[in-house]
Amino acid sequence: MIRALLIFACAIFSLTQAQASNQSTDPPMVEFFKGICGEWVGVCRQSTDGKFAEDKYFHAVVSETAAGSYEAKFEYFAIDTNRTMIKIGGSTITTTIASDGISATGTVVGNGEVLLDKKPKKQEHVVTEILTCCKSGVLQAKGSGSLKVYGLPLGVGQSGKVRDETSHWTLSNGALSITQNMSIAFRALCFSKVFRVAASYTAVRGKDFSQLCQVKSAAESAR
């Protein structure tokens with residue numbers, strides 16, 4: 001009987017040690033970025049002042065470029081009248097994690113489309129962010145930057161400002177969700193205009209766009 005109890009106790013101890021060894025010892029920010037490394041495909045829904053643009057689709061690759069440094073490359077696509085995927089833009093997010101392991105700085109550089117005055121306009125953007133990890137699997141960011149939009153009158157789109165940009169990244173059950181909100185301000189001579197832009201991204205792991213039906217259904221359910 002005593003021998004059986006000792007064997008049982010040893011088994012419990014071994015299981016506890018194995019579970020402890022499997023638990024991540026990485027700081028929260030590092031754990032989050034390691035968790036999203038790889039390829040993703042997803043759907044992006046964007047609105048300007050409450051008016052929704054056509055859905056966009058994206059392919060993203062997240063990789064660790066050095067200790068504490070990560071890069072996320074996004075390619076954006078739209079579906080034309082022939083139901084063909086056409087590339088409309090892309091962006092690169094570079095992130096450097098601070099020594100505390102719970103904060104980071106990021107830079108977003110890219111181009112694509114934004115809905116302004118009910119029409120899609122070509123745009124280029126640069127945004128700098130401060131990121132924090134508020135809890136496991138959740139990342140939040142705040143930032144500001146510049147935006148150049150083509151096709152606006154008086155050339156006002158050449159000096160756009162990105163203000164009050166916020167984003168939340170959530171990794172849950174193998175799915176990646178991102179919500180983003182910002183103000184875009186334009187000023188030229190006596191003219192000024194501010195737009196409120198919101199976007200949501202829903203993605204699953206992979207590189208096959210045939211998975212997008214699954215992603216789109218999930219995005220529509222959450223809308």
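Quick note: the coordinates plus some simple rules give every number you see, no bench work behind them. Note that the structure is a prediction, hence the values are computed from the model and not measured. Here the Cβ is made from the backbone with ideal geometry for all residues, glycine too, and neighbour counts use every protein chain on show.
Around the amide H of residue 55, modelled in the peptide plane, lies no amide H under 5 Å away from a residue 5 or more places distant or on another chain. Derived scalar couplings between HN and Hα for the stretch 152-162 equal 8, x, 6, x, 5, x, 6, 10, x, 10, 9 Hz in order, rounded to whole Hz, by the Karplus curve 6.51 cos²θ - 1.76 cosθ + 1.60 (θ = phi - 60°), x for Gly and Pro.
From the alpha carbon centroid of the stretch 126-194 to that of the stretch 48-104 is 13 Å. The HN-Hα couplings worked out from phi for the stretch 188-202 by the Karplus form 6.51 cos²θ - 1.76 cosθ + 1.60 (θ = phi - 60°) are 8, 6, 9, 9, 8, 8, 10, 10, 9, 10, 10, 9, 10, 10, 10 Hz, whole numbers, x standing for Gly and Pro. For residue 88, the residues whose modelled amide H falls within less than 5 Å of its own, excluding neighbours fewer than 5 places apart on the same chain, are 76, 77, 78. Counted by neighbouring Cβ atoms within 10 Å, the residues 86, 36 run from fewest to most as 86, 36. Taking other C-beta atoms within 10 Å as the exposure proxy, 34, 56 rank 34, 56 from fewest upward. Near the amide H of residue 115, within less than 5 Å, lie the amide hydrogens of 121, all on another chain or at least 5 residues away, with H placed in the peptide plane. Using the empirical formula 2.2 N^0.38 Å as the baseline, the Cα radius of gyration of the stretch 95-206 reaches a ratio of 1.20. With neighbours defined as other Cβ atoms within 10 Å of a residue's Cβ, the residues 117, 208 order from fewest to most as 208, 117.
Computed from phi, the 3J(HN,Hα) profile of the stretch 120-137 under the Karplus parametrisation 6.51, -1.76, 1.60 (θ = phi - 60°) reads x, 10, 5, 9, 10, 9, 9, 10, 10, 10, 10, 10, 9, 9, 7, 6, 4, x Hz, with x in place of Gly and Pro. The alpha carbons of the stretch 26-222 give a radius of gyration and a Dmax of 16.8, 52 Å, in that order.
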